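Enquirer: Here it is, the structure in full.
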Amino acid sequence: EKQGFKHYMLKEIYEQPGVFRAGLARYISEANHVQLGLPAGFIDSIERVEILACGTSWHASLIGKYLLEQVAGIPTTVQYASEYRYSPPPSLNNTLVIGVTQSGETADTLAALELAKSRGDRCLGITNRTESSIARVADAIIDTQAGIEIGVAATKTFIAQLLIFYLLALDFAARGKLTEVQIQEFIEGLRQLPAYMERILEGQERYIEDLSRLFTHTKDFIFLGRGINFPIALEGALKLKEISYIHAEGYPAGEMKHGPIALLDEDVPVVAIATPGAVYEKVLSNSQEAKARDAKLIGVAPIDDLAAHEVFDHILPIPIVDEIFSPVLTVIPLQLLSYHVAAHRGLDVDQPRNLAKSVTVE
Ligand code: M6R
């Protein structure tokens with residue numbers, strides 16, 4: 001069942017390029033158009049989006065917000081479902097509310113979406129289980145079709161959720177924000193990602209396995225990212241704490257000087273996501289500030305960039321792609337890092353303590 005992998009989580013990490021390819025094959029037509037299978041006119045009058053989710057699905061949603069706003073120009077908010085359900089924002093017309101839940105059974109997400117529906121909002125569900133409870137609540141469902149995920153720590157379903165957000169943003173952008181040529185270029189960019197994902201998996205696992213040994217006894221980790229990779233910093237920290245039980249915090253790199261920098265010393269490693277783009281130099285200089293506090297620095301960064309080599313003690317190399325696509329790649333070394341740290345600690349990676357695959361209670 002685990003096909004030679006020691007844990008389901010590792011197997012599922014390796015399934016990600018295939019999941020991404022299968023998603024592209026299903027949702028992009030032969031004529032190279034996005035076809036998410038939504039009812040006719042479903043997004044036509046939509047002016048804003050509210051996304052509700054928990055945990056890793058919430059992180060995917062933050063990237064979804066970035067895409068919907070920056071690619072499609074659609075104002076978007078992301079709320080924890082557990083917060084929204086007791087303090088929903090004032091209702092506005094022409095809002096699409098999206099519930100994102102891998103299991104389709106998360107109690108808070110279901111209750112939040114039901115509330116949105118009762119207020120008259122159009123509701124979309126993004127799930128890996130189309131037969132689950134969310135199908136009863138939402139007006140339409142998009143299947144992330146990652147295949148059953150057994151590891152409690154979400155990996156391939158996260159990647160599959162990201163793909164749906166790329167495609168949904170394109171669907172909105174096709175209403176006029178992007179030209180047909182730009183859309184085709186964007187789709188081409190998506191098509192290149194699975195091969196890059198494979199390259200990261202093949203090229204880095206051994207290295208990350210070795211590197212992880214350094215952190216078997218580490219008590220605290222900080223993850224930094226900015227822009228579209230800020231949610232990846234959050235996701236890297238969540239993965240690590242879920243399965244290795246190491247305290248980890250994700251921060252937008254620019255916030256560090258407003259408090260968290262006080263935590264840093266030689267015992268607190270910092271993982272920074274530094275991908276070429278609008279905030280690259282900024283992340284490098286934020287990392288430099290951490291280094292000045294003796295923190296050990298790990299960079300998810302391009303391998304042959306001199307500036308990155310000067311700052312980071314260790315580099316988890318990622319191929320250079322347009323910044324907008326980078327989260328699909330940057331998350332992979334962080335999944336591997338958390339996996340190997342937990343495995344070195346001899347922990348039950350697939351069934352971490354206190355956690356369940358579906359959180360069906362409030
Ligand atoms: O099934 P859902 O996507 O609604 O689950 C939400 C969270 O419970 C889930 O993402 C949790 O944070 C995972 N264990 C993350 O690895």
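The values are calculated or read from the model by the stated rules, or taken from the named source; none is laboratory data. As the structure is a prediction and not an experimental result, all values here were calculated from the model. No Cβ is skipped: glycine too gets one built from the backbone with ideal geometry, and neighbour counts run over all protein chains shown. Accessible surface is based on the protein model in full, side chains and every heavy atom, while ligands, DNA and RNA are left aside. Shrake-Rupley method; radii C 1.70, N 1.55, O 1.52, S 1.80 Å.
Enquirer: Would you list, by chain and number, the lysines whose Cα falls below 30 Å from the Cα of Lys291, excluding same-chain residues fewer than 8 positions away?
Expert: Reachable lysines: Lys219, Lys239, Lys241, Lys257, Lys282.
Enquirer: Accessible area of Thr76, 1.4 Å probe, to the nearest 10 Å²?
Expert: About 10 Å², rounded to the nearest 10.
Enquirer: On full extension of the chain, what length is gained from Thr179 through Asp220, given 0.36 nm per residue of separation minus the C-alpha to C-alpha distance?
Expert: Computed gain between Thr179 and Asp220 is 10.1 nm.
Enquirer: Please list, by residue number, every one of the GluC sites (Glu not before Pro) in the stretch 210-267 that is coil in DSSP and has at most 14 other beta-carbon atoms within 10 Å.
Expert: Glu266
Enquirer: Also, quick follow-up: So what's the stretch 209-349 giving for Rg/Rh, alpha carbon basis, Kirkwood Rh from the mean inverse pair distance?
Expert: Here Rg/Rh amounts to 0.93.
Enquirer: How large, in percent, is the carbon and sulfur part of the accessible surface of the stretch 133-292 at a probe radius of 1.4 Å?
Expert: Of all accessible area on the stretch 133-292, carbon and sulfur atoms account for 51 percent.
Enquirer: Taking the Cα-to-Cβ direction at Gln70 and at Arg293 and moving 7 Å from each Cα, how far apart do the two end points lie in nm?
Expert: Here the answer is 2.6 nm between the modelled labels.
Enquirer: Continuing with this model, one more query. How far, in degrees from 0 to 90, does helix 107-118 lean away from the longest principal axis of the Cα atoms of the chain, to the nearest 10?
Expert: Helix 107-118 sits roughly 30 degrees off the main axis of the chain.
Enquirer: At 0.36 nm per residue, minus the direct Cα-Cα distance, what do Glu362 and Glu310 gain on full extension? Give it in nm, one decimal, please.
Expert: The span from Glu362 to Glu310 would gain 14.0 nm if fully extended.
Enquirer: Something else about it: Going by amide H atoms built from the backbone, whose H comes under 5 Å of the H on Lys296, apart from near neighbours?
Expert: Under 5 Å from the amide H of Lys296 lie the amide H atoms of Val268, Val270, each far enough along the sequence or on another chain.
Enquirer: Can you run phi through the Karplus equation (6.51, -1.76, 1.60; θ = phi - 60°) for the stretch 341-348 and list ³J(HN,Hα) in whole Hz, with x for Gly and Pro?
Expert: 4, 5, 5, 4, 7, x, 8, 7
Enquirer: Let a ≥ b ≥ c be the square roots of the eigenvalues of the Cα gyration tensor of the stretch 62-142; is it rounded (a/c under 1.5), or, if not, prolate (a/b larger than b/c) or oblate?
Expert: oblate
Enquirer: While we're on this one: Apply the Karplus curve 6.51 cos²θ - 1.76 cosθ + 1.60, θ = phi - 60°, to the phi angles in the stretch 307-314 and return the couplings in whole Hz, x for Gly and Pro.
Expert: 4, 5, 5, 5, 8, 8, 6, 9
Enquirer: Next question. Based on alpha-carbon positions alone, could you give the equivalent ellipsoid semi-axes of the chain from the gyration tensor, as √(5λ), descending, whole Å?
Expert: Equivalent-ellipsoid dimensions as semi-axes: 32, 22, 21 Å.
Enquirer: Report ³J(HN,Hα) in whole Hz for each residue of the stretch 56-73, in order, from the Karplus equation J = 6.51 cos²θ - 1.76 cosθ + 1.60 where θ = phi - 60°; Gly and Pro get x.
Expert: Listing the rounded values in order: 4, 5, 5, 5, 4, 5, 4, 5, x, 4, 4, 5, 4, 7, 7, 8, 10, x Hz.
Enquirer: Between helix 16-27 and the chain, what is the angle of the helix's C-alpha long axis to the longest principal axis, kept within 0 to 90° and rounded to the nearest 10?
Expert: 20 degrees
Enquirer: Right, here's the next one. In degrees between 0 and 90, to the nearest 10, how far off the longest principal axis of the chain does helix 180-212 point, with axes built from Cα atoms?
Expert: Approximately 30 degrees, to the nearest ten.
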